[in-house]
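Worksheet: the structure to be examined is printed underneath.
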Amino acid sequence: MTRPRPSHVRAATAATAGLALAGAFALPASAGIVDEPISHSAPGAALELAPIGTYETGIFDEGASEIVGYDAGSQRLIVINAAQALVEVLDVSDPAAPVKLFDVPTAGVGSADESTVPGDAVANSVDVRADGLGAIAVEAGDKVGNGWVVFFDARSEDGAPIGAVRVGALPDMVTFTPDGSQLLVANEGEPAEDYSVDPEGSVAVIDVPDALDAPAQGDVAIADFHAFEEGGSLELPEGVRIYGGREDAGTGIPEFPVSENLEPEYITVVGDRAFVTLQEANALAEVDLAGAEVTAIHALGTKDWSQPGNELDPSDEDGGINLGNWPVQGLYQPDAIGSYVANGVPYLVTANEGDTRDWEGYSEVARVKDLGEDGLLPVCEDLADLTADEALGRLNITTADGLSGDGTCYETLYANGGRSFSIWSTAGGQIFDSGAQFEELTAEALPEFFNSNHSESNLEGRSDDKGPEPEGLAIGTVGDSTYAFVGFERVGGVVVFDITAPDAVEFVTYVNNRDFAVSVEDGGALADAGDLGPEGLEFIPADVSPIEGTALLAIGNEVSGSTTFYRIDEADGGPGGDEDGAEDGSDDGGDDSGSDESGSDESGSDESGSGESGSGESGADENGTDDGAAESGDDHGADDGAGDDGADESGADGGELPDTGAGAATLMLTAGALLLAGAAGYAVRRRTA
C-alpha cells in the first residue's frame, strides 16, 4: 500500500464554518465528473461502465478517501477519511448525489481490554456485515503499538460506537467472513522509521456476536508466524523474501526475525480458510480460521520481463512510450486480493502493485544506473551496457536481491510489482497473468499521459517505477459472468476483465474519470481534475443496489479525496471499441444487469473491500458463492453525476450545489449567510461548469 503524505489543509476559518454547517445540515459535496471521462473498450464489450456521482472532500493528497464499505440495508457508504482521521457515512440512496450524514468517532472509545482509543489514532479500513454491524481498523498514534477494532451500527442515526477490542500493530485491513461469524484483521506491523522497533505481523481472528454488539477481548485470537521461524514446526518456503529487518538496519537482532519481517496486507476468505497477501515478502499466507493458525505460506515467484507478452517501459526519460522486453525479473508483490469460484473450483485474484522497504533506518531502493556508486555494488559485466537512462538506468530496483554467488555484483535485476493482475490456485500456482496488457491499453487510451503520476499530469512519470501501479481490486458477477475490477493508483481509472473462465480471461473496458488537462501539482484546480489515486473499490450487486437492477462500483480516491460511483450496465450487443466516455447521468434504475451478485466479499481495493488503507482494507474477499459486500484495500470514491448540473460543490468548498429544488435553495442561502458571517474574507472558489 502507498500511504498518503501531508500536503494541503484548509483555512481554519473555512474549516470552522464547514463544521458548523455539517452539524446542522446534510449537504451534498461537489460534483467531480469530468466532461469527457476516458473510455476505452474491447470490440463488442459486454459491459459499459460510467461514472455517475461523486462526493468530494476538497482535500488533496492526504488520503481523504481511501477504503469504502457499503451497507445495503440503509443504502449508506462508509468512507475512511485518513486525512482528517474520520470515518464518514454517506447517504447513497441516490448515487448520483451522495450526501454526508455524519462521522463515526473512534477517539475516546473504551476497549474491552480496558484501554481507550486515543485522539491521535488513525482509521485505516472499514467493513460492514449484512445486518449493519460495522468494524473500523484503528492504528495507534505510534504505529508500532497495538491498535484496535471499533464496532458501530452503520444504520444508526449518529454512528455512535458500541465498543472496541485490541488487536495487533497497525491493523490495516478488516473483513467479515461471508457468514458474518468472524472478523479478520491484517495487522501489518510496519517498523518505526528508524527501525528501532519492528512489530510482528499477524492476523487477528475475532469471533463476532450474532447481535449488533462488540465482541469481548477473549473473542480475539492472533494468528502469528512463529511456526515458520528457524527450528519451528513449519518450513518457510524458498522464495519468501525475508530481508531488511532490524538486523539489516543495525538496530538489533530479533527473537522472531521471520515474524517481524512479514507484513500482512489484504485478506480474502475461501470456505474455512483465509488467504493473506504478504506484499513485501512476495507471498501469500494461508490461515485456518477454526484454529486461528497460519498453516502455510506460498511464494509467488517472479515475472520474466524478457519474455514475449511481458513487455514493459522501464524509463521515464526515453522519449516516449517504448514497451519492450528487458532482462529484468518482476516481483508480483500483490496488495489487494479477492477470490471467486469457477466450475466449482476456488481461485484467488491479486492486484500486483509492488512495494518496497524505504525507511530512514533501511532502504532497498536504487536506480540501476546508481549501482556501483555510494557504496552500492555494481551490475555484473553482462548488464553494464544497459545502464543508460534510455535503457534500464532509470529503473528502480531492489538491492536486497540479485547478487552473484560471490557477492561482488548484481547479476539479476529485480523490479517491484508485476504491473498486472493475476489469478492463482489456492496452492499458490499461477493460472493467469495479464502480462503487458495494462501498459498496452493505457498506451492506446492515453498516448499523451501513458504512465502518468496521480498528483500531476505527465507522459510517463511512473515508467521507471511500477507503471500504472494496480492496487485496488473488486470482483463481481453481472448476468452470467464474473468480472475483476482493478484500480490503477497512478495513471488512474479502473480496468475490467471477464474472469469467468480463469484460462480464458478477456479485457472488457477501461474508464478513467480524470481530466489530464488539469494538473493539480502544477496549480490546476482540484475540483476540475476528476479522480486521482484510486485506492479502495467496492462492488455493489444489482440486487442490493440503490439503482434497482443495476450493479454499481464505488471507488475511494486517496489523492483527490473523492468517492465516486460508477454504474455497470450490460451492453445491448452494439459495437464496442474506443469511446469517449459515456457519462450516463441517469439515475432511473436503468439497465437491469441481471441479478448481479458480487460473489465477492469486497469493498474496495479490496480492503474492506479490496483496499487498505490498502492497502486499508480487505481484499476482494469472495468465494464466489456469496454476494457479500465485505471489503473495502485498497480501498471509495463515487464520482458523479447523473442529473446534476456539473458544478456541485458544498458551500464550505465554495462551489455550487446541484439544483434540488426550493428547499435546497433556501438551505444554500442560509449556508451562505453563515459562511460570510463566520469566515469573513474567505475567498470562495467557484468551479466553472
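Worth pointing out:
Conditions (1) in a loop (DSSP other than H, G, I, E, B); (2) closer than 16 Å to Tyr414 by Cα; (3) of a type outside the set (Gly, Ala, Ser), marked per residue:
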| position | (1), (2), (3) |
| --- | --- |
| Leu348 | no, no, yes |
| Ala351 | no, no, no |
| Gly354 | yes, yes, no |
| Glu360 | yes, no, yes |
| Ala366 | no, yes, no |
| Lys369 | no, yes, yes |
| Glu373 | yes, no, yes |
| Leu376 | yes, yes, yes |
| Leu383 | no, yes, yes |
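- When the range 425-450 is filtered for residues that are open to solvent by less than 20 Å² (accessible area, probe 1.4 Å), part of a loop (DSSP other than H, G, I, E, B) and within 25 Å of Gly338 (Cα to Cα), the ones remaining, listed by number, are Gly428, Ser434, Gly435, Ala436.
- Yes/no for Glu521 being among the charged types (D, E, K, R), open to solvent by less than 20 Å² (accessible area, probe 1.4 Å) and either closer than 24 Å to Ile423 by Cα or not in a strand (DSSP E or B) (or both): no
- Within the range 142-164, the set of residues being under 21 Å from Gln217 (Cα atoms) and within 23 Å of the chain's Cα centre (by Cα) comprises Lys143, Val144, Asn146, Gly147, Trp148, Val149, Val150, Phe151, Phe152.
- Scanning the range 125-145 for residues that are within 15 Å of Val174 (Cα to Cα) and buried (at least 20 other Cβ atoms within 10 Å of the Cβ) yields a count of 12.
- Of the set (1) closer than 30 Å to Glu193 by Cα; (2) open to solvent by 30 Å² or more (accessible area, probe 1.4 Å); (3) of a type in the set (Phe, Trp, Tyr), all apply to Tyr266 but (2).
- Residue check for Ile80: surrounded by 18 or more Cβ atoms within 10 Å (Cβ to Cβ), β-branched (Val, Ile, Thr) and not in a loop (DSSP other than H, G, I, E, B): yes
- Just one residue in the set Gly23, Gly73 is at pLDDT 95 or above, open to solvent by 30 Å² or more (accessible area, probe 1.4 Å) and closer than 26 Å to Ala154 by Cβ; that residue is Gly73.
- When the range 249-262 is filtered for residues that are open to solvent by 10 Å² or more (accessible area, probe 1.4 Å) and not in a helix (DSSP H, G or I), the ones remaining, listed by number, are Gly250, Thr251, Gly252, Ile253, Pro254, Glu255, Phe256.
- Flag if Ser422 is among the polar types (S, T, N, Q), at pLDDT 95 or above and part of a strand (DSSP E or B): yes
- Of all residue pairs spaced 6 or more apart or on separate chains, those with beta-carbon atoms under 6 Å, a first member in the range 453-470 that is closer than 17 Å to Leu526 by Cβ and a second member that is basic (Lys, Arg) are Asn453/Arg462; Asn453/Arg490; His454/Arg490.
- In the range 307-329, residue farthest from the chain's Cα centre (by Cα) [restricted to those that are assigned to a loop (DSSP other than H, G, I, E, B), among the polar types (S, T, N, Q) and more than 14 Å from Ala391 (Cβ to Cβ)]: Gln307
- Counting residues in the range 466-475 that are in a loop (DSSP other than H, G, I, E, B), among the acidic types (Asp, Glu) and buried (at least 20 other Cβ atoms within 10 Å of the Cβ) gives one or more.
- Odd one out for Val345, checked against (1) of a type outside the set (S, T, N, Q); (2) in contact with a strand residue (DSSP E or B) (Cβ under 8 Å, 6 or more places away or on another chain); (3) surrounded by fewer than 18 Cβ atoms within 10 Å (Cβ to Cβ): (2)
The rows are residues; the columns are (1) under 24 Å from Phe152 (Cα atoms); (2) open to solvent by 20 Å² or more (accessible area, probe 1.4 Å).
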{"position": "Pro191", "(1), (2)": "no, no"}
{"position": "Val208", "(1), (2)": "yes, no"}
{"position": "Ala211", "(1), (2)": "yes, yes"}
{"position": "Gly218", "(1), (2)": "yes, yes"}
{"position": "Ala227", "(1), (2)": "no, yes"}
{"position": "Arg241", "(1), (2)": "no, no"}
{"position": "Gly244", "(1), (2)": "no, no"}
{"position": "Glu247", "(1), (2)": "no, yes"}
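- A search for C-beta distances below 9 Å between a residue of the range 177-188 that is at pLDDT 95 or above and any residue that is open to solvent by 30 Å² or more (accessible area, probe 1.4 Å) and of a type in the set (S, T, N, Q), counting only pairs 6+ apart in sequence or on different chains, returns Pro178/Thr625; Asn187/Asn146.
- Odd one out for Val89 among (1) open to solvent by 10 Å² or more (accessible area, probe 1.4 Å); (2) touching a Lys or Arg at 6+ places or on another chain (Cβ under 6 Å); (3) part of a strand (DSSP E or B): (1)
The values are calculated or read from the model by the stated rules, or taken from the named source; none is laboratory data. Keep in mind the model is a prediction, meaning the values are calculated, not measured. Because the Cβ atoms are built from the backbone with ideal geometry, glycine has one as well, and the counts that use them run over all protein chains shown. Heavy atoms of the whole protein, side chains included, go into the accessibility calculation; ligands, DNA and RNA do not. Shrake-Rupley method; radii C 1.70, N 1.55, O 1.52, S 1.80 Å.
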